[in-house]
Amino acid sequence: MFRRVLVANRGEIAQRIIRACRELNVETVAVYSEADADALYLRQADETICIGPAAGAKSYLDIPAVISAAEIADVEAIHPGYGFLAENDHFAEVCRSCQIEFIGPSAETIAMVGNKARAREIAMGAKVPVVPGSDGPVTSEEQAKEEARKIGYPVMIKAASGGGGRGMRVAHNEPSLLSGMRSAQAEAAAAFGDDTVYFEKFIESGRHVEVQILADGNGEVLHLGERDCSVQRRHQKLIEESPSPTLTPKQRKGMCAAAVRLAKASNYKNAGTVEFILDQDGSFYFIEVNARIQVEHTVTELVTGVDLIAAQLRIASGESLWIKQRDIRNQGHAIECRINAENPAKGFMPSPGRVVAFVPPGGPGVRVDSHCYSGYSIPPNYDSMIAKLLVHRPTRDEAIRCMIRALDEFVVEGPHTTISFQREVLSHADFLAGLHDTNFVERTFGSHP
Ligand code: MV4
């Protein structure tokens, strides 16, 4: 195991990584921006280094600043968390050239699965079902019309370098296809420096189901079951749960086996997620790979008992997988609510500033991962998630009741939060029945509240 690790992130995930390191007897070096000087995770790390001003581009995303901190602190490895540099293949390459272990997949794998058009090809090669779509990237208007005719409308235009919903457009006819393609290309060029797009049939009213995997890079790949993340708003997940309330045992088996085949085909190492869309007929299709630890990894930790951050550290330090697939037994039902400092009554507008009182819930089955405390000032520069509230109970109904009880206990004074909104979703008939799809939030609460 590593002697010393640099945590190249902030907030709850920095704290989560520091906790795992402590339990493994690994020293931690935390980096922070000027906006995070009062952050809780800095008090839990062994050493702290300021790497720049508030703007992410000048601190957590600044590769020379992060690498300098790693060199000065003399660490053996860097944990990138999620967001920021987590899926930056160039950063992984720089770490390698500096002989610092990047806690994630190889630069080659990140680049390969980070290109969604390539990832589709790898999936097809591994006999993983993909959404009917274009044969590779679409470059001309002529090709666009031709591919769309073959696929049939509605067509989804996706940026190859995109992901998490960025650089996507839906077209219902030829004129909107061509204008959507131009705006997706412009958006992708500006955001990712790559205007490559490809097409897929748009699956309406599907469910977003993803499979957690662990791969050691020596050929062993395990899956840890699925998470259902269908409660989203503008591609921001709000609630995640495991197991999926709609997946049949047969579908689950097929989806998890497909995720493992894809991980093997992409030479995957690290914890990772394979995303699928499940249509109304119960068919599932691969959509993308997330080559990092995700916010919602905690849901899987509760149902499997596996510490996924510790697993990332062990794999990166060279261990071969220490558990077999049959040792992983998913038990009970886990739900996560993302508590954001946002105002649901004002279109989920961010609500940063001083937290006057912060009293998280507790009791049986409750876990709260949060970097927040009474008196903390939420900086306006980063994402607005202030806590992940999780419950683990024997059944989904009990988990929902436990979550409602925990949301009612949760005291956050100062900023607006999504607690009241989560409370409404948790008591909505469609959610209770497990019948909600990816349009549930927009349909039920409106896209412009
Ligand atoms: C799709 C899809 C339907 N059909 N692809 C969204 C984020 C990214 N990871 C992939 N996403 C989707 N890809 C095809 N071919 C549906 C989604 C999707 C979604 C779309 C619109 C509104 C909400 C959504 C929530 C989850 C997934």
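Taking Cα centre as origin and charging only the Cβ of basic (Lys, Arg, +1) and acidic (Asp, Glu, -1) residues, the dipole magnitude of the chain rounds to 840 debye. Computed over Cα pairs, the Kirkwood radius of region 207-444 leads via Stokes-Einstein (0.692 mPa s, 37 °C) to a diffusion coefficient of 178 µm² per second. Just report the Cα centroid separation between region 356-383 and region 300-320, whole Å. For region 356-383 versus region 300-320, the Cα centre distance is 25 Å.
Phi angles across region 203-214 convert, under the Karplus curve 6.51 cos²θ - 1.76 cosθ + 1.60 with θ = phi - 60°, into 3J(HN,Hα) values of 8, 7, 6, x, 10, 8, 10, 10, 10, 7, 10, 10 Hz, Gly and Pro given as x. With the convex hull drawn around the C-alpha atoms of region 132-201, the volume per residue stands at 68 Å³. Computed over the alpha-carbon atoms, region 23-68 gives an Rg to Rh ratio of 1.00, Rh here being the Kirkwood radius from the mean inverse distance. Quick check: net charge around Glu187, other residues with Cβ under 10 Å of its Cβ, Lys/Arg +1 and Asp/Glu -1? That works out to +2. Think of it as helices only: each DSSP H run of n ≥ 4 in the chain is worth -39500 (n - 2.57), and spread over all residues that comes to -10000 deg cm²/dmol at 222 nm. Projecting the Cα atoms of Val356, Val366, Gly318 onto the dipole axis of region 249-397, where Lys and Arg carry +1 and Asp and Glu carry -1 at the beta carbon, places Gly318 farthest toward the positive end. When the residues Arg10, Arg405 are ordered by accessible surface, computed with a 1.4 Å probe over the protein chains alone, the sequence from largest down reads Arg405, Arg10.
Taking only the C-alpha atoms of region 400-449, the Rg (one decimal) and the largest Cα-Cα distance, Dmax (whole number), read 12.1, 35 Å. What does the charge count around Glu442 come to, taking other residues whose C-beta lies under 9 Å from its C-beta (Lys +1, Arg +1, Asp -1, Glu -1)? Local charge sum for Glu442: +3. Shown in residue order for region 240-246 are the 3J(HN,Hα) couplings computed by the Karplus curve 6.51 cos²θ - 1.76 cosθ + 1.60 at θ = phi - 60°: 10, 8, 8, x, 5, x, 10 Hz (x for Gly and Pro). Computed with a 1.4 Å probe over protein heavy atoms only, the accessible area of Met181 comes to about 10 Å².
With contacts taken as Cα pairs under 8 Å at a separation of at least 6 residues, the chain carries a relative contact order of 14 percent.
Summary value for region 86-131: 31 percent relative contact order, contacts being C-alpha pairs under 8 angstrom separated by 6+ residues.
Note on the chain: Cα-Cα pairs beyond 35 Å make up 28% of the total pair count.
A probe of 1.4 angstrom, applied to the heavy atoms of all protein chains, finds Leu302 with accessible area near 40 square angstrom.
Charge dipole of region 4-103 (Cα centre as origin; +1 on each Lys and Arg Cβ, -1 on each Asp and Glu Cβ, all else neutral): 200 debye, rounded to the nearest 20.
Each residue of region 100-117 was assigned a 3J(HN,Hα) from its phi angle through the Karplus expression (A = 6.51, B = -1.76, C = 1.60, θ = phi - 60°), giving 10, 6, 8, 7, x, x, 5, 4, 5, 5, 4, 5, 5, 7, x, 8, 5, 5 Hz with x at Gly and Pro. Within the set Lys250/Lys388; Lys127/Lys250; Lys127/Lys150; Lys127/Lys253, which residue pairs have Cα atoms separated by over 24 Å? Cα-Cα > 24 Å for Lys250/Lys388; rest within. For His333, nonlocal amide neighbours, meaning residues 5 or more places apart or on other chains whose placed amide H falls under 5 Å from its own, are Arg393, Thr395. Taking all protein chains as they are arranged and a probe of 1.4 Å, the heavy atoms of Arg233 leave approximately 30 Å² accessible to solvent. Per residue, the average separation of C-alpha pairs within less than 8 Å and at least 6 apart gives region 129-217 a relative contact order of 35 percent.
Rounded to the nearest 20 debye, the dipole size of region 207-444 about its Cα centre is 260 debye, using +1 on the Cβ of Lys and Arg and -1 on the Cβ of Asp and Glu. Electrostatic bookkeeping for Pro80 treats Lys and Arg as +1 and Asp and Glu as -1; over the other residues with beta carbon under 10 Å from its beta carbon, the sum is 0. Annotation: amide H of Ser230 within the under-5 Å range of His208, sequence separation 5 or more or interchain, hydrogens built in the peptide plane. With N the number of residues in region 4-103, Rg(Cα) / (2.2 N^0.38 Å) evaluates to 0.94. The calculated FRET efficiency for Ala190 paired with Asp383, based on their beta-carbon distance and R0 = 25 Å, is about 0.80.
The values are calculated or read from the model by the stated rules, or taken from the named source; none is laboratory data. Everything quoted here is computed from the prediction, not taken from an experiment. Quick reminder, even Gly has a Cβ in these numbers, built from the backbone with ideal geometry, and neighbours come from all protein chains shown. To get the accessible areas, we keep the full protein, side chains included, count just its heavy atoms, and leave off ligands, DNA and RNA. Shrake-Rupley method; radii C 1.70, N 1.55, O 1.52, S 1.80 Å.
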